[in-house]
Amino acid sequence: MGGLFFKERVLRLPLPGWARVTIGERSLRILITVLVSLFLVTLALALFLQLAQSRMTHLAEQNRQTLLYATAAAQHIKQAARTQLQSGYTPKPFTQEDLDAALLPEAQREGRIFAYVNAGGVITVSSKSDGTIAGQTIGDVLSNRFVTEININDTEMARIQLATGEEAYVGMSDLAPLPGSLLVIQKRADVMRAWKDSVMQVSVLFAVTFLVLMMLGGAFHWQAAKASEADRTLTVATERLDKALNRGHCGLWDWDISRGRIFWSKSMYDILGLEETGEFLNFGDVADRIHPEDAQLEEVVEALLTGQKSVFDHEFRMRHVDGNWVWLRARAELSHAPEEESPHLVGIVIDITAQKLADRLNQEAELRLKDAIENISEAFVLWDADNHLVLCNTK
């Protein structure tokens, strides 16, 4: 743990332009830990607020649905009674079959209890979900406080305490012309059961998220130490390679032929006087800098791919940033990566501008020497140590 949190390493972010950000790895670990903790706290607060909001929404929705079921049942019962009166019949006593026929199929779900209360305040019929209250008075079920807390045909469910001590939401609807009322009861525990199930699911999800983030944070701290060591080793090796390439006026190429992009080492930018724009260049950008009189690279590569050539050894000129032409010699071969189908052309490019200049100077000096010898009035003959004729004029 001491090595993870107190061993100083540096992470450099190569941003474009003048900006260069250097972050200590210890600071980065602390920042990651703070951000993960802040995320978890924010997530927990957001979930708490969402659950609180969903609790109120769930209560309102449950009460609204219960009232809709009760209203629909009451309208069905009243319509049946009116039909009997219009037909000249006296409405028959309310039965269990009448209540079952008036209730929608989903009405008794989630613990809803429907009951018929006669004019004397006795529950004569109750739904199948709770038949134990049939025969009891409404005061025995709801306690005597229902008289002041429940309004007939109210648009909202009343929250009261049952005679058993349980909290419930209760509503009553008038059934005129029948001498009675329709009572609907839904215990608070039944109302909140679905919401508690959702709370349990969200809590499990949050716990899993918490554990996963903690494991990821721990894995990051553990892996960061190894990655830092590997990055430092890679940085040292890269710096040494760049120094060797710069000293030898060489550049490293890796040409992805199928994708048309070329990797250049930093020394290649130095040879052409360019600023680094990234690790990869488009082939079109490279081709635009090649001298138009030289053989184009795509032609040489095509010959290599078709088997017309076995070796890629090509001399060409590329335009320097100041407008001069730099002579380069590229030597490369096709390389097939295990995970890629198309080949890469990997090799080295050497700056031979000085050599070309020296060759041209030698050719000019040789031409001047030949012209001088030719213009001599006497015969001129030059032999080497082995008595071989090296040079002579026409005379």
For residues in region 58-89 being within 15 Å of ALA176 (Cβ to Cβ) and free of Cβ contacts under 8 Å to residues at least 40 places away in the same chain, which is farthest from the chain's Cα centre (by Cα)?
-> GLN86
Taking LEU213 and the conditions (1) in contact with a Phe, Trp or Tyr (Cβ under 8 Å, 6 or more places away or on another chain); (2) closer than 30 Å to TYR169 by Cβ; (3) part of a helix (DSSP H, G or I), which numbered condition does it fall short on, given that it satisfies the others?
-> (2)
Residues located in region 164-175, provided they are in a loop (DSSP other than H, G, I, E, B) and either without any contact (Cβ under 8 Å) to a residue 24 or more places away in the chain or more than 16 Å from GLY121 (Cβ to Cβ) (or both) = THR164, GLY165, GLU166
Complete set of residues in region 103-122 that are in a strand (DSSP E or B) and out of contact with any Gly (no Cβ under 7 Å at 6 or more places or on another chain) | ARG112, ILE113, PHE114, ALA115, VAL122
Considering each of MET172, MET200, MET192 in turn, give the residue that is open to solvent by less than 40 Å² (accessible area, probe 1.4 Å) and more than 30 Å from ALA80 (Cα to Cα).
-> MET192
Which residues, counting only those in region 31-57, are farther than 20 Å from SER198 by Cβ and without any contact (Cβ under 8 Å) to a residue 12 or more places away in the chain?
-> LEU31, VAL34, LEU35, SER37, LEU38, VAL41, THR42
Hey, LYS128 hits all of (1) over 20 Å from ALA189 (Cα atoms); (2) open to solvent by 70 Å² or more (accessible area, probe 1.4 Å) but one; which does it fall short on?
-> (1)
Of all residues making up region 295-307, the number that are open to solvent by 40 Å² or more (accessible area, probe 1.4 Å), more than 20 Å from PHE263 (Cβ to Cβ) and modelled with pLDDT of 80 or more = 4
If you take the residues of region 84-123 that are of a type in the set (Asp, Glu) and either open to solvent by less than 60 Å² (accessible area, probe 1.4 Å) or in contact with a helix residue (DSSP H, G or I) (Cβ under 9 Å, 6 or more places away or on another chain) (or both), which of them is farthest from ALA158 (Cα to Cα)?
-> ASP98
List the strands (runs of 3 or more DSSP E) that sit entirely inside region 309-379 and contain at least 2 residues that are among the hydrophobic types (A, V, I, L, M, F, W, C), open to solvent by less than 70 Å² (accessible area, probe 1.4 Å) and touching a His at 6+ places or on another chain (Cβ under 8 Å).
-> 312-319, 325-335
Here are some residues: LEU361, LEU345, LEU391, LEU297. Which one is more than 25 Å from MET268 (Cα to Cα) and either in contact with a helix residue (DSSP H, G or I) (Cβ under 7 Å, 6 or more places away or on another chain) or in contact (Cβ under 8 Å) with a residue 60 or more places away in the chain (or both)?
-> LEU391
What pairs can you find where one residue is in region 241-268 and free of Cβ contacts under 8 Å to residues at least 40 places away in the same chain, the other is of a type in the set (Val, Ile, Thr), and their Cβ atoms are less than 8 Å apart, with a gap of 6+ or different chains?
-> ILE262/VAL286
Only one of LEU99, LEU51 is part of a helix (DSSP H, G or I), modelled with pLDDT under 90 and touching a strand residue (DSSP E or B) at 6+ places or on another chain (Cβ under 8 Å), namely LEU99
Do we find a residue being of a type in the set (D, E, K, R), open to solvent by less than 70 Å² (accessible area, probe 1.4 Å), closer than 21 Å to ILE133 by Cα and modelled with pLDDT of 85 or more anywhere in region 69-83?
-> no
Selection from region 208-228 of residues that are among the hydrophobic types (A, V, I, L, M, F, W, C), open to solvent by less than 50 Å² (accessible area, probe 1.4 Å) and under 15 Å from PHE39 (Cβ atoms) = LEU213
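The values are calculated or read from the model by the stated rules, or taken from the named source; none is laboratory data. Quick caveat: nothing in here was measured; it's all calculated off a predicted structure. A quick note on method: Cβ atoms are made from the backbone with ideal geometry, for glycine too, and the neighbour counts reach across all protein chains shown. Surface areas here come from the heavy atoms of the whole protein model, side chains and all, with no ligands, DNA or RNA. Shrake-Rupley method; radii C 1.70, N 1.55, O 1.52, S 1.80 Å.
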